Amino acid sequence: MSILLTPRVRTVSQAGAMLVCTGLLWLVSSAHAQTAAKPKPTLAPKPTLTAEPASSHLAYSFKAGDKRRYKLAAFFVGHFPPIALEGNPPANLEADILYIMTVKKVDAKGAEVEFVADNAEVYLLEKDPGPNVVVKEDDKIPVPVSLEQIQKALNVTALIQPNGTVATVNGGGDNPIKVDIGFDLRKMFLTILPVIFPAKPVKTGDSWTFDDGVLGKKAGATTYKAQLERPDSSKPSLVRVTQSGQTLIDNKLDKEGNSTDKPADQVGTLTGKVTAEGTVQFSAVKAPDGRTVQVTESRLNMVALLKRVLPDPAAPGKTSETNIDVKARLVVKVDNTPQKTAAIPAVSGATKEK
């Protein structure tokens, strides 16, 4: 991995730094002081409790022509070469990406969905943003990575089934930041579609497993689990799912330290484990065969503990080992910012029709 940083007047601190609990209070009061001489007040009927929805199928809503915007804020904290090596203070990195998700077409094979990074910015941070990912603007130091480079790495078109299964991914690659923490960064778009729904109907409390997601898909090495949580009575149109996952990493590396499937280029290894857990909130609407959903917000925390082994350039015939520990926090929110439309220029000499 390599990042070329241009000198600046203000630099990262000497540490080399790079990469609520909400409380709900219920107040209940009632008046009981009544006298026999006074007529009893008319009491309002007790509210009828809304029954939890029965089991139903869940599926993503894909309609040709649909376009949605999502803001992804990704925070990486830890030791990863070459920015921060073990034994030195951890690095803090922030990547802000505005994804535009467009459903190009829908047929029996699934939905052809295009993901475009419409805007992207990468920063080194002076301080760890903490569990609540609070970052002050003064703590940000821009990294010179162009939008074109980000788009080349992340812009993809995927064929996706209604349940969230990704059949194919085309495009992407050549990640300009090259933070290899064991999974394909081309699949960052799966933070927007993070759960594969089961084929059977589910109800509150039901859990299920699936085999693909942000951490990738590796038979026997990657597992995911999700659970449908109790709905919020004040927001009946929202569905909340908790998820967790882990993947065992056993990748082959080329001489530059990048994962490769080409045997001729394999000179090193990257091994270890990545775990993830988080919550996804969906908006849901009734459909003929269940409910269709769209992500409104998701939060995912990941931990990567890896070991990289590569030939030692200073000692031919020997290898060097590097321990990599990274904590990543991924926050996705739907972007409903009104979009400006280009004004239609007036035609010179035109007159209004009467």
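The values are calculated or read from the model by the stated rules, or taken from the named source; none is laboratory data. Here the structure is a predicted model, which is why all the values come from computation and not from measurement. Every residue, glycine as well, gets a Cβ built from its backbone with ideal geometry; the counts of neighbours run over all protein chains shown. Protein only, heavy atoms only, side chains kept; ligands, DNA and RNA dropped before computing areas. Shrake-Rupley method; radii C 1.70, N 1.55, O 1.52, S 1.80 Å.
Key figures for this structure:
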read-out	value
Matching option when the condition is open to solvent by 10 Å² or more (accessible area, probe 1.4 Å), within 23 Å of N170 (Cβ to Cβ) and not in a strand (DSSP E or B), among K187, K200, K235	K187
Of all residues in segment 121-154 being over 23 Å from I192 (Cβ atoms) and among the basic types (K, R), the one that is surrounded by the fewest Cβ atoms within 10 Å (Cβ to Cβ)	K136
Odd one out for K109 among (1) touching a Leu at 6+ places or on another chain (Cβ under 9 Å); (2) more than 30 Å from A199 (Cβ to Cβ); (3) modelled with pLDDT of 50 or more; (4) open to solvent by 20 Å² or more (accessible area, probe 1.4 Å)	(2)
Count of segment 283-322 residues which are open to solvent by 70 Å² or more (accessible area, probe 1.4 Å), under 25 Å from the mean Cα position of the chain (by Cα) and of a type in the set (D, E, K, R)	2
Single residue of segment 249-272 satisfying the filter (over 15 Å from T319 (Cβ atoms) and assigned to a strand (DSSP E or B)) that is modelled with the highest pLDDT	G272
Top-ranked residue of segment 256-282 - restricted to ones that are small (G, A, S) and open to solvent by less than 20 Å² (accessible area, probe 1.4 Å), ranked as farthest from P131 (Cα to Cα)	G268
Matching residues, segment 77-92, being buried (at least 17 other Cβ atoms within 10 Å of the Cβ), among the hydrophobic types (A, V, I, L, M, F, W, C) and at pLDDT below 90	F80, I83, A84, A91
